[in-house]
Amino acid sequence: MSLRGTDLQAQSKTWKMLRVILPAALLLAACTAATAYFPKKATKLVASMRANASLAPTVSAVDPGPRALPASAGSFLSTLSANEQQIEPSLTTEFNRTHDVIVTSPTDGGLGPRFNENSCASCHAYPAVGGSSPPTNPLFSIYNFNGASNTMPSFITSNGPILEARFINQPGTTIPDGTVHQLFTIKGRSDAGSCSISQPDFATAASQGNLALRQVPPTYGDGLIEVIRNLDIVNNMNSNQTIKASLGISGHPIYSGNDGSIQRFGWKAQVRSTLLMAGNQMNVEMGVTNEIFPNEIDQTPGCVLNPVPETVTNFNPNILTEMFPGDAERAEHFTQWLAPPTPGPSNNSTKNGKTQFTNAGCVYCHTTSFTTPATSRPALGNITINLYSDLLVHHMGPGLADGLAQGSAGPDEFRTAPLWGIGQRLWFMHDGRTNNIVTAIEDHYSLGNGSYPASEANQSITNFNNLSPKNQQDLVNFLRQL
């Protein structure tokens with residue numbers, strides 16, 4: 001056949017493909033365009049259109065579900081010093097503490113005026129303390145506790161994930177918001193005095209596409225993630241550039257505006273350290289002011305019932321040494337010293353699945369491991385940790401975009417979630433939209449539109465979909481083994 005004939009044959013095949021794909025692609029583009037204005041509503045529509053458009057082969061893999069308990073996580077690092085091990089019970093007590101409104105001791109009180117929970121462990125609960133959402137939502141035992149007059153927002157369900165709510169814009173305006181709007185108030189509680197404030201109007205925010213939801217991330221191994229060198233994250237980003245370019249992967253770090261170091265915690269890498277994270281969560285999630293975040297979020301008269309900050313360093317000569325730091329600092333040590341999750345036993349299926357994980361390209365965002373440097377706390381230093389994350393943020397397309405920018409992370413960008421411990425996790429994606437790991441894989445796929453570029457994971461998901469049924473299943477089994 002002549003070269004000209006070959007060209008004509010190729011063109012003919014191309015047009016045949018376009019006649020099949022173009023109508024579906026145009027329809028899909030129209031659906032995805034809605035995500036710029038109604039991101040939560042459009043997500044499910046885009047997912048269903050993607051399936052109906054047959055843009056990829058049918059996926060036959062089945063999620064075997066989370067590995068059964070006992071938990072393969074939740075213990076402290078075994079290499080902690082004897083002195084560090086001695087204060088573990090105090091740290092555990094603090095993380096499990098239920099906070100009341102009125103401060104009655106250096107280690108109790110401060111809840112509200114607005115809050116999402118009354119204990120760190122109530123949300124970080126599964127498969128063990130320090131983890132994420134448990135099978136039964138604990139918020140149903142919290143929202144009316146001690147006489148509180150809250151109603152439960154419609155997006156919180158008894159058997160669904162614990163969710164945090166943010167408004168994309170300030171209600172009724174186009175002014176960006178992005179802050180957490182706490183689910184509950186202390187109004188009506190027997191220890192809340194005359195405080196009378198209202199819950200946010202979540203129903204209106206949801207109906208206007210102005211609501212962005214986030215689920216609870218696990219904290220296992222965070223102290224090790226914290227000390228990974230910035231240089232190692234950058235070197236990993238710059239490695240395998242030819243392969244990453246062919247896959248459409250181009251993630252980037254989020255740098256702190258203070259010391260220029262790489263931030264690595266939170267769904268959009270908006271937090272740098274475990275100490276900042278602990279202080280922030282103490283104040284934002286429970287309303288407990290502390291030495292890191294010393295002001296009440298809501299300062300309505302009659303609702304600020306304690307001096308601030310409500311938890312402080314305990315300069316009391318009669319107090320036990322381990323009680324010297326404030327609540328936030330002890331909560332930080334708890335998460336900082338938690339060991340990484342332990343993978344389940346491997347077999348031929350999971351070994352092949354790990355190979356397919358690389359073949360599909362997943363590993364180029366979910367980097368297998370980093371090694372921590374030497375540290376002043378030897379238990380955290382010189383350890384190779386298999387976190388399966390590059391700690392960068394990536395464009396994930398309109399299907400996952402939540403319309404919410406944080407720092408220099410855009411509304412369609414998310415940090416690569418570490419996959420260690422995913423074998424016992426119950427909910428997936430930033431908004432906990434699914435409990436099925438296969439659905440979570442597929443939801444990484446999203447075509448671009450006028451507002452957001454295509455997901456950087458598209459080619460890897462296409463590669464996964466093109467695997468044989470056995471290789472697909474082995475890859476899923478590998479993830480559930482982590």
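Please get the size of the charge dipole for the chain, origin at its Cα centre, with Cβ charges of +1 on Lys and Arg and -1 on Asp and Glu, quoted in debye to the nearest 20.
Values: 29 positive and 34 negative charges, 425 e Å.
With Lys and Arg at +1 and Asp and Glu at -1, about 2040 debye.
Take the solvent-accessible surface of the protein heavy atoms, probe 1.4 Å, and return the percent of it on the chain that carbon and sulfur atoms account for. Write down the numbers at each step before the final one.
Values: 11830 of 20580 Å².
Summing carbon and sulfur atoms, their accessible area is 58 percent of the total for the chain.
Any chance you could give the angle, 0 to 90 degrees and rounded to 10, that helix 39-52 forms with the longest Cα principal axis of the chain?
30
What FRET efficiency do you get for Thr79 and Ile319 if R0 is 22 Å and r is their Cβ-Cβ distance, rounded to the nearest 0.05? Provide the component values of the computation, followed by the final result.
Details: r = 28 Å, r/R0 = 1.27.
It comes out at approximately 0.20.
How long is the gain from Thr242 to Arg377 if the chain were fully straight, where each residue apart is worth 0.36 nm and the alpha carbon distance is subtracted? Walk me through the intermediate numbers first.
Numbers: separation 135, 0.36 × 135 = 48.60 nm, distance 3.79 nm.
Using 0.36 nm per residue and subtracting the Cα-Cα distance, I get 44.8 nm.
Using 7 Å Cα-to-Cβ label points, what is the Asn436/Gln299 separation (nm, one decimal)?
Output for this residue pair reads 4.9 nm.
Let me confirm the definition first: pairs of Lys residues in the chain, 8 or more apart or on different chains, C-alpha distance under 29 Å. How many are there?
Here the count comes out as 13.
So if I place +1 on the C-beta of Lys and Arg and -1 on the C-beta of Asp and Glu, and nothing else carries charge, what would the dipole magnitude of region 70-202 be about its Cα centre? I want it in debye, nearest 20. Present the calculation step by step, with values, prior to reporting the outcome.
Values: 5 positive and 10 negative charges, 59 e Å.
Taking the Cα centre of region 70-202 as origin, the dipole is about 280 debye.
Highest mean first, how do 235-245, 446-456 rank when packing is the count of other Cβ atoms within 10 Å averaged over residues? Intermediate results must be reported in sequence, preceding the final value.
Values: 235-245: 13.0, 446-456: 20.8.
Packing proxy ranking, top to bottom: 446-456, 235-245.
Compute the label zone of Asn466 within region 224-253: residues whose backbone N is under 12 Å from the point 7 Å along Cα-to-Cβ.
Counting only backbone N, you get 247.
So for the chain, taking the charge dipole from beta-carbon charges (+1 Lys/Arg, -1 Asp/Glu), which of Gly399, Gly221, Phe265 sits furthest toward the positive end?
Among Gly399, Gly221, Phe265, the one farthest towards the positive end of the dipole of the chain is Gly399.
Just name one of Ala61, Ser376, Leu320: the one whose Cα is farthest towards the positive end of the charge dipole of the chain (beta-carbon charges, Lys/Arg +1, Asp/Glu -1).
The residue sitting farthest along the positive end of the dipole is Ala61.
What fraction of the Cα pairs in region 75-198, stated in percent, has a spacing above 27 angstrom? Kindly include the intermediate steps, with their values, before the conclusion.
Numbers: 2334 of 7626 pairs.
Every Cα pair in region 75-198 considered, those over 27 Å come to 31 percent.
Could you tell me how many cubic angstrom of Cα convex hull volume region 266-311 has per residue?
Working: hull volume 3.2 nm³, N = 46.
Hull volume over Cα atoms, normalised by residue count, gives 71 Å³.
Between the helical axis of 327-336 and the dominant principal axis of the chain, each derived from Cα atoms, what acute angle in degrees is found, rounded to the nearest 10?
40
Packing-wise, with mean Cβ within 10 Å as the measure, how do 411-422, 305-316 rank, highest first?
Details: 411-422: 23.7, 305-316: 17.8.
Descending mean neighbour count gives 411-422, 305-316.
If the only charges are +1 at each Lys and Arg Cβ and -1 at each Asp and Glu Cβ, what is the size of the charge dipole of region 391-464 around the Cα centre, to the nearest 20 debye?
Using Cβ point charges on Lys, Arg, Asp and Glu, region 391-464 gives about 180 debye.
Cα convex hull of region 427-471: mean projected area in nm², to one decimal? Numbers along the way, then the final one.
On the way: hull surface 14.9 nm².
The Cα convex hull of region 427-471, projected and averaged over all directions, gives 3.7 nm².
Roughly how many Å² is the accessible area per residue of region 374-482, as a whole number, for a 1.4 Å probe?
30
Taking 0.36 nm per intervening residue step and subtracting the Cα-Cα distance, what contour gain separates Ser194 from Asn144 on full extension? Write down the numbers at each step before the final one.
Working: separation 50, 0.36 × 50 = 18.00 nm, distance 1.65 nm.
Extra length available between Ser194 and Asn144 comes to 16.4 nm.
Working out 0.36 nm times the residue gap between Val234 and Thr58, then minus their Cα-Cα distance, what length gain in nm do you get to one decimal? Intermediate results must be reported in sequence, preceding the final value.
Details: separation 176, 0.36 × 176 = 63.36 nm, distance 3.65 nm.
Extra length from Val234 to Thr58 when fully extended: 59.7 nm.
So I have (i) 1.12; (ii) 1.07; (iii) 1.00, and one of them is Rg/Rh (Cα atoms, Kirkwood Rh) calculated from this model. Which one is it?
(iii)
As I understand it, the dipole of the chain uses +1 on the Cβ of Lys and Arg and -1 on the Cβ of Asp and Glu, about the Cα centre. Which of Ser132, Gly302, Gln459 lies farthest toward its positive end?
Farthest along the dipole direction, towards plus: Gln459.
Return the calculated 222 nm mean residue ellipticity for the chain, to the nearest 500 deg cm²/dmol, obtained by summing -39500 (n - 2.57) across DSSP H runs with n ≥ 4 and dividing by the residue count.
On the way: 15 runs with 154 residues, N = 482.
-9500 deg cm²/dmol, from helical runs alone.
Probe radius 1.4 Å, ligands and nucleic acids left out: which of Arg330, Arg433 has the largest accessible area, and how do the rest follow?
Arg433, Arg330
If you look at just the Cα atoms of region 328-464, how large are its Rg and its Dmax in Å?
16.8, 50
Find the relative contact order for the chain and round it to a whole percent, using C-alpha pairs within less than 8 Å whose residues are 6+ positions apart.
Working: 971 pairs, mean separation 103.8, N = 482.
Relative CO of the chain lands at 22 percent.
The values are calculated or read from the model by the stated rules, or taken from the named source; none is laboratory data. What you see is a predicted model; the values in this text were computed from it and never measured. So basically every Cβ, Gly included, is an ideal-geometry build from the backbone, and we count neighbours across all protein chains shown. Just the protein is used for accessible areas: all its heavy atoms, side chains included, with ligands, DNA and RNA removed. Shrake-Rupley method; radii C 1.70, N 1.55, O 1.52, S 1.80 Å.
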